[in-house]
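Here, each number is a calculation from the coordinates, and none is a lab measurement. All values derive from a computational prediction rather than experimental measurement. Cβ coordinates were reconstructed from backbone atoms using ideal geometry, including for glycine residues, and neighbour counts include every protein chain displayed.
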Amino acid sequence: MTREELIQNLTNAGVSPSLYDSDSFMPDTYLLGKVDGKWSLYSHKRGHLDIEKTFDSESALHEYLW
């Protein structure tokens with residue numbers, strides 16, 4: 001699944017874009033991106049980075065979320 005397909009699926013499901021981000025480092029959201037060379041689902045709250053789960057590929061991360 002591509003990033004665009006994931007965003008479309010989340011939009012169609014009514015998930016607010018304010019709850020996730022894949023293009024920057026917004027606080028208090030779930031973030032999708034590479035951390036230490038691995039694709040990761042993580043959160044950034046009050047200056048603390050919490051990695052929720054890591055994946056071998058961007059597509060696997062998107063499939064997990066959907």
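This ranking places Arg46, Arg3 by how few other beta-carbon atoms lie within 10 Å of each, fewest first, which gives Arg46, Arg3. Each residue, Thr2 and Ser16, gets one label point 7 Å from its Cα in the Cβ direction; the gap between the two is 2.9 nm. For region 3-65, the direction-averaged projected area of the alpha-carbon convex hull comes to 4.1 nm². 3J(HN,Hα) along region 34-45, derived from phi through the Karplus expression 6.51 cos²θ - 1.76 cosθ + 1.60 where θ = phi - 60°, amounts to 8, 10, 6, x, 10, 5, 9, 9, 8, 10, 10, 10 Hz, with x in place of Gly and Pro.
The mean sequence separation of alpha-carbon pairs under 8 Å and at least six residues apart, normalised by the residue count of the chain, gives a relative contact order of 28 percent. Per-residue ellipticity at 222 nm computed for the chain from its helices equals -7500 deg cm²/dmol, with DSSP H segments shorter than 4 residues left out and the rest contributing -39,500 (n - 2.57).
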